[in-house]
Amino acid sequence: MLDAIADGTFGLMKRPADAGRGLDGVAVKSDLYYNPASEALDAPREAAR
């Protein structure tokens, strides 16, 4: 997966595994920020039967 990201397989920006930007440029969310999809995505999933 990291090789594919480094090669730019998933987008136009290539990013080597050892040269990421970390959290630089990431926006901070307000305390009032709400995304209803986050609850569904963060909820534990039931085991497949």
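The values are calculated or read from the model by the stated rules, or taken from the named source; none is laboratory data. Fair warning: this is a prediction, and the values are worked out from it, not measured in the lab. Heads up, the Cβs are rebuilt from the backbone with ideal geometry, glycines too, and the neighbour counts pull from every protein chain shown.
Just a few scattered comments:
Conditions tested, residue by residue: (1) at pLDDT below 75; (2) of a type in the set (Ser, Thr, Tyr); (3) within 14 Å of the chain's Cα centre (by Cα).
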| position | (1), (2), (3) |
| --- | --- |
| Asn35 | no, no, no |
| Glu39 | no, no, no |
| Asp42 | no, no, yes |
| Arg49 | yes, no, no |
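- Considering the range 2-33, and only residues there that are surrounded by 10 or more Cβ atoms within 10 Å (Cβ to Cβ) and assigned to a loop (DSSP other than H, G, I, E, B), the residue that is modelled with the lowest pLDDT turns out to be Gly20.
- Taking every residue in the range 13-30 that is closer than 22 Å to Asp3 by Cα and pairing it with any residue that is at pLDDT 75 or above and in a loop (DSSP other than H, G, I, E, B), at least 6 positions away or on another chain, the pairs with Cβ-Cβ distances below 9 Å are Lys14/Gly8; Arg15/Gly8; Arg21/Arg15.
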